[in-house]
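Coordinate-derived values only; no laboratory data. In this text, all values refer to a predicted model and were calculated from it rather than measured experimentally. Here the Cβ is made from the backbone with ideal geometry for all residues, glycine too, and neighbour counts use every protein chain on show.
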Protein chains: 2
Amino acid sequence: MRRHPERGTYDRGPIDAILDEALICHVGFVVDGQPFVIPTIHARDGDLLYLHGSPASRMLRTLADGVDVCVTATLLDGIVLARSVYNHSMNYRSAVVLGRARRVDDRDEKLAGLERIVEHVVPGRTRDARPPNDKELKGTLLLALPLDEASAKVRSGPPSDFDDDLGLPIWAGVLPLQVVPGAAEADPGSVNGVPLPEYVARYRR
Amino acid sequence: MRRHPERGTYDRGPIDAILDEALICHVGFVVDGQPFVIPTIHARDGDLLYLHGSPASRMLRTLADGVDVCVTATLLDGIVLARSVYNHSMNYRSAVVLGRARRVDDRDEKLAGLERIVEHVVPGRTRDARPPNDKELKGTLLLALPLDEASAKVRSGPPSDFDDDLGLPIWAGVLPLQVVPGAAEADPGSVNGVPLPEYVARYRR
């Protein structure tokens, strides 16, 4: 946290808020010296971050070995247009978690962790969807990463131009960006008469 | 590309399209065996991916040494709600670039690369903004990563439920997601009478 330390924090409040709002994260791990960065879904449960996937996934298998991992979740809040090219920026919130994941084999914790992941993406969905059966549970690898070593970085607000540039007749400001849901598209093979659930119709992030 | 190989491609068409649409990427690099994943702005120019930042940034200084890097750009297109918890998914497009970056020191290439980055985020902006001066150029590190080793992965379309689940009275489908700009917020210190540029007012991604 050497660059722009004023933007950084180790407080769990903002860290948790970013992890909870971000739909996906990017997982970094190393295989034979080569770093890989893979997007995936996550969910926080208290002091743990859950990741899941196929037992055949290289990422999951590598992480299950307890290697060093970095998980980063980023929310893009806006484009910062300064008078100078140099001071252009982005408003964003990002959380970075370092550590080593452990494999979750306990059946109850695994069911609870997978439920957290579904509820993280679509709150309310586990009431409706068919729960995992034994075969599906075995076919899913769940990993838990402690949030012991986590930090957040946030940039917000208007551009920071140099004083000499403030009088230039150049528009400056922020263009906010938001993730917005469109109209839900029912699966063509849907059973007739199943209504669109409220948690989909009113989905907001 | 072992998991879901049908979703993967090494074709530059979709790879370039993803890199060009994504506003930010996540850069993975290794320091003393620990992977780091940091969000940053990028821009593609032909067969090169440009990254930039402060010469004081650990990420930029590490990458400038020519170490192995992984740059991943991800676009989230929708939430896939299946009948079963197990088949829930995301519609997404992601591009992964592996390689080693070189430092751009040639003044003309550096100016052109920085212009590409501004135009990548806000097309049209370089016509208006004050260009970098010599001090600012020296205060910016520009790196170029060749797109020699790149791949893309795409999931799209409706949920893929198991046949046995298709008759369940559970709503299934896709909730599309989009990045949408809000109303532009002029810098409070703006010079009077500078109109909002068209490229901001009509911004779309």
Original post:
Distances over 21 Å make up what percent of all Cα-Cα pairs in region A:89-205?
Top reply: 65 percent
Original post:
Just how large is the dipole of region B:146-204 about the Cα centre, in debye to the nearest 20, putting +1 at every Lys and Arg Cβ and -1 at every Asp and Glu Cβ?
Top reply: 320 debye
Original post:
Around A:VAL97, what is the net charge, scoring Lys/Arg as +1 and Asp/Glu as -1 over all other residues with Cβ under 10 Å from its Cβ?
Top reply: -1
Subject >> Neighbour net charge for B:ARG44 - beta-carbon separation under 12 angstrom, K R +1, D E -1 >> reply: -4
**OP:** Enumerate the whole-percent occupancy of each 5 Å bin, from 0 to the last occupied one, for all C-alpha pair distances of region B:149-205.
**Re:** 4, 10, 14, 11, 10, 9, 10, 9, 8, 7, 4, 3, 2, 0
**OP:** In nm to one decimal, list the spacings between the B:PRO5 label point and its equivalents in the other copies, with label points set 7 Å along Cα to Cβ, shortest first.
**Re:** 5.1
Original post:
For region A:1-46, which trypsin sites (Lys or Arg not before Pro) are both in a DSSP coil and crowded by at most 10 other Cβ atoms within 10 Å?
Top reply: A:ARG2
Original post:
Taking springs between alpha-carbon atoms closer than 10 angstrom, which of B:ASN87, B:ASN192, B:ASN133 fluctuates most in the Gaussian network model of chain B?
Top reply: B:ASN192
**OP:** Could you estimate the translational diffusion coefficient of region B:1-97 from the Stokes-Einstein equation, with Rh from the Kirkwood formula over C-alpha pairs, at 37 °C and 0.692 mPa s, in whole µm²/s?
**Re:** 216 µm²/s
Original post:
Where the label is 7 Å out from Cα toward Cβ, how close does B:GLY46 come to the same position in every other copy, in nm, shortest first?
Top reply: 5.7
Subject >> Compactness of region A:45-99 as Cα Rg over 2.2 N^0.38 Å, two decimals >> reply: 1.69
**OP:** Calculate for chain B the 222 nm mean residue ellipticity that helices alone would give, adding -39,500 (n - 2.57) per DSSP H run of length 4 or more and normalising by residue count, nearest 500 deg cm²/dmol.
**Re:** -5500 deg cm²/dmol
Subject >> Overall dimensions of region B:1-43 as given by Cα atoms, namely Rg and Dmax in Å >> reply: 13.5, 36
**OP:** Would you work out which of A:LEU49, A:GLN34, A:ALA22 lies farthest towards the positive end of the dipole of region A:20-62? Charges go on Cβ: Lys and Arg +1, Asp and Glu -1.
**Re:** A:GLN34
Original post:
Sorted from largest down, what three extents in whole angstroms do the Cα atoms of the protein assembly as shown have along their principal axes?
Top reply: 66, 47, 43
Subject >> Shielding by other protein chains, A:127-138, mean Cβ within 10 Å >> reply: 4
Original post:
In 10 Å bins starting at 0, how do the alpha-carbon pair distances of region B:34-152 split up by percent?
Top reply: 12, 38, 29, 14, 6, 2
**OP:** Take the Cα pairs of chain B, get the Kirkwood Rh, then feed it into Stokes-Einstein at 10 °C and 1.306 mPa s and tell me D in µm²/s.
**Re:** 81 µm²/s
Subject >> For A:GLY167, inter-copy label distances in nm, listed shortest first [label point 7 Å out on the Cα-Cβ vector] >> reply: 8.0
Subject >> Average beta-carbon neighbours from other chains, 10 Å sphere, peptide B:42-51 >> reply: 0
Original post:
Where does the charge balance sit around A:ASN87 when Lys and Arg score +1, Asp and Glu -1, over other residues with C-beta under 10 Å from its C-beta?
Top reply: -1
Subject >> Phi to ³J(HN,Hα) by Karplus 6.51 cos²θ - 1.76 cosθ + 1.60 over region B:88-95, Hz, x for Gly, Pro >> reply: 4, 7, 10, 8, 7, 10, 9, 10
Original post:
What is the distance in Å between the Cα centres of region A:9-54 and region A:130-205?
Top reply: 14 Å
**OP:** Please order A:MET90, B:MET59 by the number of other Cβ within 10 Å, starting at the fewest.
**Re:** A:MET90, B:MET59
